[in-house]
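Here the structure is laid out as structure tokens; the discussion comes afterwards.
The values are calculated or read from the model by the stated rules, or taken from the named source; none is laboratory data. Treat the numbers as computed from the prediction; the structure is a model and nothing was measured. Don't worry about glycine lacking a Cβ; one is built from the backbone with ideal geometry, like all the others, and counts go over all protein chains shown.
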Amino acid sequence: MPPKSPQTRSGKSTPTRGKPKEDEKLVDEEEEKLRVEQEEKERREKEAKMKLEEKRISALRAIRDQQESETEQELRIVHATVEKVINDRRANAEWKRFMKCDGRPDPTSVKEINTFIALTKDKGKKDINVVLDDAKLILSLIRELKFILKDADSDEETETTANHKQTILSLQDLLITQYNEATLKLLKEASYEADSETGNLQKVIKDANETLMLWGNLNKNPRFKAFEFESEKFQFELPKVLAMADIAVRVLKTRFDHYSHQCSTCLPQKKKTEVAAVEEQTGKEPITEKEEVPKVDAGENKEVDDTKSTTTDGRKSAMSAVSNKEEKEGGEENAEDKPDRDEHAATPEIKVESEHVELEEILDPDVVDLRQFTPLGGVYHLDLLQMPPQPKVVRGWTLTQIINKPLTNVTYPVDIVAGKTPSRAASAAPEGREEGSSPSKTSHEQPPIGITMSLPDDVMFFEEPQVAMWDHTDKHWKNTTVPDSTTYDEEKRVISFKTNEFGVFCLMQDTHLNMPFQSWELRPKGTDAVVLTVTAAIAEAEIEIKGTKCRLNPPEEDSPKELSHIFDKWMSVDELIQGMRAAGVNLFPASDSRKFVSIQEKTVDVDQVYDQMAILSTAFAFQWSKWNSDIIKSRIAIQAAPFYVADDSSRASVPDDDWSTYLIGDDRTYKLALTEFDNDFSDEIASGSFYHYDLMHAMRLSPVRDDPDGKILASLNQRSRSANRFYVDTVQTLLRASKIISFS
């Protein structure tokens, strides 16, 4: 009988081989269920977080919108208040002019100006004192027209503005005509005022706007070499060919410049729309949206290597500008030989930007670019004149030859050599040349004229000035002095040079020699008062604003006498800017100064930052941060601090512990955790700080040290909100003009 199975012996069944598979299945199902539940839980948590994030973003957006609205409203009130005054001034200007009834012509009326010019010319003999009085009136009319043009609503050329510009030119021509008439009268009577020692006319007439230096060659001394107007410290040297000629030398120094505005480089190059410029210059279709155009990533903290085209102090050299132009011209020629090159690279002289291109004029090598150099100290008219016949006393009678010829300029040396001047002048031909013969040398091969002069007393020259002559045909200032003839004594402030021609000349200085700035600080000084201190590349300036007036404060030690005429003089911000520029202390970059100064241009709306700083300037101090030049273009870094005011006086300085660095962008502004003493930059937000829309809210909402109850901060905010709107506008104008953030 076979043995019983285990199930038969025990009466129980044993596990089968399929049981483990069923258990694994149950385990898998349980794990799947747990996984699904976990995913559902995570999904719900994610949705909850997204909803919270959306609520947070919505709340932040609401705060941002609110802060943006508050800032715009506060700025709008300031601008509207000032604009109303400006509009009222424009509206009342004509009425006020009519009500003066002082006999002055209306410079905006072409008919009245034409009548005034005709009557002025018909006055007969022009006595120098009468001419000087007329000059004051003419200059005031020119200033009034320039003010009207500057105050115009639009920069577009209209018939009215064109008429005003033409009137200015007509009045300037009238002024020169008046000076010539007075000079002719003085020369006709030269023998009456001849110097007892030399026998020549030596006369200096000085007024507020001009200085007339006149020398007449009456003695005809063959050993004459040079003469100095001692009171004006101006000396000229004449070649021997002129020693025996019937000539006179006039040096007319004017404090005004009626030439530079005629130059094509006087104003920044006009910008054209990208499409129009590309079509005009290349004759090709504009770039469409489908074409790929290389873009610069504003988020990268990288700059183009300009080391080869910049000076050690950050200013771009004139030589680099010429080299760039030559490279561009060379690139254009190569483009013709290589048609396979990229079509955009075939036109290197066109600078294509995001919204416009800027077309630059190609200047001759000897033309002075007024975008890079500034005429200083007025204008000098150096004229070689024909001496009119002098009265003669015969047997008690004074015989005067009546001539109707106007004042005649003698062209050196052609007129002298060719015998076009009176016989005495013609006889002064060089040895070995017959009278009346044609010159065998060109004017540039003739002996030059030497000039030695002291620099103007009211101009700061930080380097050797350049001498530029005016080209009446080309309408440009040009470097036409004899090469290697200029010497400069910096200690005595005396410059000497030689030139081959008489004419109009001036002294030039690099416009941007004080740029970029080293540092700056904007510090409150009482109610509606602030001090802006700028440490430039060479000079340091402290500008104080009180209300709507500004002044340049002298330094405590070694105050330069060249600036004594503007130190401690309260004036409008526009007058201060103009006065400092005219004195050679230019801390106000032009719109195109970036071409000549190496700076990091910011994509942030810097003008908005200046406007907010102006509103806060009565309660908060601001200064330069070293991190501003290191960070990306889409961010600005400045230092700021609350400025406490005691009961009776304001604090002269801000403690180091109160300064904080703020990072400003288009989307947010906040206080940084780092300081100026850290080695590496970090954009980490400071502990206890928050993100804000702009600088104004970041300052007004940031806690103040040692102010647990917030009373000090509330007082500061109240002070900034109650600032006079015209004071705020004055600070805005000064900050926008100095561009301290971008140029430091």
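How many of the residues in region 659-682 are in contact (Cβ under 8 Å) with a residue 40 or more places away in the chain, touching a Leu at 6+ places or on another chain (Cβ under 8 Å) and more than 18 Å from ALA621 (Cβ to Cβ)?
Residues meeting the conditions: 1.
For region 192-200, check the following and say yes or no: at least one residue is outside any loop (DSSP other than H, G, I, E, B), surrounded by fewer than 16 Cβ atoms within 10 Å (Cβ to Cβ) and touching a residue at least 40 places away in the same chain (Cβ under 8 Å).
Yes - at least one qualifying residue is present in region 192-200.
Anything in region 382-411 that is in contact (Cβ under 8 Å) with a residue 24 or more places away in the chain and either touching a Lys or Arg at 6+ places or on another chain (Cβ under 7 Å) or exposed (fewer than 10 other Cβ atoms within 10 Å of the Cβ) (or both)? List them, or say none.
ASP383, LEU385, PRO388
Restricting region 553-563 to residues that are touching a residue at least 60 places away in the same chain (Cβ under 8 Å) and of a type outside the set (Lys, Arg), which is nearest to ALA590 (Cα to Cα)?
LEU563
Return the residues of region 230-272 that are of a type in the set (Phe, Trp, Tyr) and either surrounded by fewer than 19 Cβ atoms within 10 Å (Cβ to Cβ) or modelled with pLDDT under 90 (or both); say none if nothing qualifies.
Correct list: PHE256 only.
Would you mind stating whether LYS206 is of a type in the set (Lys, Arg) and over 21 Å from LYS405 (Cβ atoms)?
Criteria met by LYS206.
Going by the conditions given, is ASP458 touching a strand residue (DSSP E or B) at 6+ places or on another chain (Cβ under 8 Å), in a loop (DSSP other than H, G, I, E, B) and closer than 19 Å to HIS261 by Cβ?
No, not satisfied.
Give all pairs with beta carbons closer than 7 Å in which a residue from region 602-623 that is at positive phi and free of Cβ contacts under 8 Å to residues at least 40 places away in the same chain meets a residue that is polar (S, T, N, Q) and surrounded by fewer than 24 Cβ atoms within 10 Å (Cβ to Cβ); count only pairs at least 6 apart in sequence or on separate chains.
none
With (1) touching a helix residue (DSSP H, G or I) at 6+ places or on another chain (Cβ under 6 Å); (2) closer than 28 Å to HIS261 by Cα; (3) not aromatic (Phe, Trp, Tyr) as the list, and GLY216 as the residue in question, which single condition is left unmet?
It is condition (2) that GLY216 fails.
A quick yes/no check of all residues on (1) modelled with pLDDT of 90 or more; (2) in a strand (DSSP E or B); (3) surrounded by fewer than 13 Cβ atoms within 10 Å (Cβ to Cβ):
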site: ASP340; (1), (2), (3): no, no, yes
site: LEU370; (1), (2), (3): yes, no, no
site: THR374; (1), (2), (3): yes, yes, no
site: VAL379; (1), (2), (3): yes, yes, no
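The rows are residues; the columns are (1) assigned by TED's automatic domain parsing to the domain that holds HIS381; (2) more than 33 Å from the chain's Cα centre (by Cα).
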| residue | (1), (2) |
| --- | --- |
| LEU139 | no, no |
| LEU149 | no, no |
| ASN163 | no, no |
| LEU184 | no, yes |
| VAL204 | yes, yes |
| ASP207 | yes, no |
| GLU210 | yes, no |
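Would you mind stating whether LEU171 is of a type outside the set (Lys, Arg), in the same structural domain as ILE128 (by TED's automatic domain parsing) and modelled with pLDDT of 95 or more?
yes
Any chance you could count how many residues in region 487-506 are surrounded by 18 or more Cβ atoms within 10 Å (Cβ to Cβ) and either among the hydroxyl-bearing types (Ser, Thr, Tyr) or in the same structural domain as ILE599 (by TED's automatic domain parsing) (or both)?
Residues in region 487-506 being surrounded by 18 or more Cβ atoms within 10 Å (Cβ to Cβ) and either among the hydroxyl-bearing types (Ser, Thr, Tyr) or in the same structural domain as ILE599 (by TED's automatic domain parsing) (or both): 1 in total.
Do we find a residue being hydrophobic (A, V, I, L, M, F, W, C) and in a strand (DSSP E or B) anywhere in region 481-493?
No, region 481-493 contains no residue that is hydrophobic (A, V, I, L, M, F, W, C) and in a strand (DSSP E or B).
Do the conditions hold for TYR610, that is, is it farther than 19 Å from ALA737 by Cα, at pLDDT 95 or above, surrounded by 17 or more Cβ atoms within 10 Å (Cβ to Cβ) and aromatic (Phe, Trp, Tyr)?
It is false that TYR610 is farther than 19 Å from ALA737 by Cα, at pLDDT 95 or above, surrounded by 17 or more Cβ atoms within 10 Å (Cβ to Cβ) and aromatic (Phe, Trp, Tyr).
Select, from ALA93, ALA118, the only residue that is assigned to a helix (DSSP H, G or I), under 30 Å from ILE402 (Cα atoms), at pLDDT below 95 and not aromatic (Phe, Trp, Tyr).
Details: ALA93 fails: under 30 Å from ILE402 (Cα atoms).
Just a single option satisfies the conditions, and that option is ALA118.
With the requirement that a residue be surrounded by 16 or more Cβ atoms within 10 Å (Cβ to Cβ) and among the polar types (S, T, N, Q), what does region 524-547 give you?
Scanning region 524-547 gives THR533, THR535.
If you check ASP127, ASP106, which single one turns out to be surrounded by 12 or more Cβ atoms within 10 Å (Cβ to Cβ), in contact (Cβ under 8 Å) with a residue 40 or more places away in the chain and charged (D, E, K, R)?
ASP127
The conditions are (1) at pLDDT below 95; (2) under 24 Å from ALA248 (Cα atoms), and MET213 fails exactly one of them. Which is it?
(1)
For region 201-229: of the residues being aliphatic (A, V, I, L, M) and not in a strand (DSSP E or B), which is surrounded by the fewest Cβ atoms within 10 Å (Cβ to Cβ)? Before you say what the answer is, go through the steps one by one.
As a first pass, look at region 201-229 and keep what is aliphatic (A, V, I, L, M): 201, 204-205, 208, 212-214, 218, 226.
Checking which are not in a strand (DSSP E or B) leaves us with 208, 218.
Values: ALA208: 10, LEU218: 19.
My answer is ALA208.
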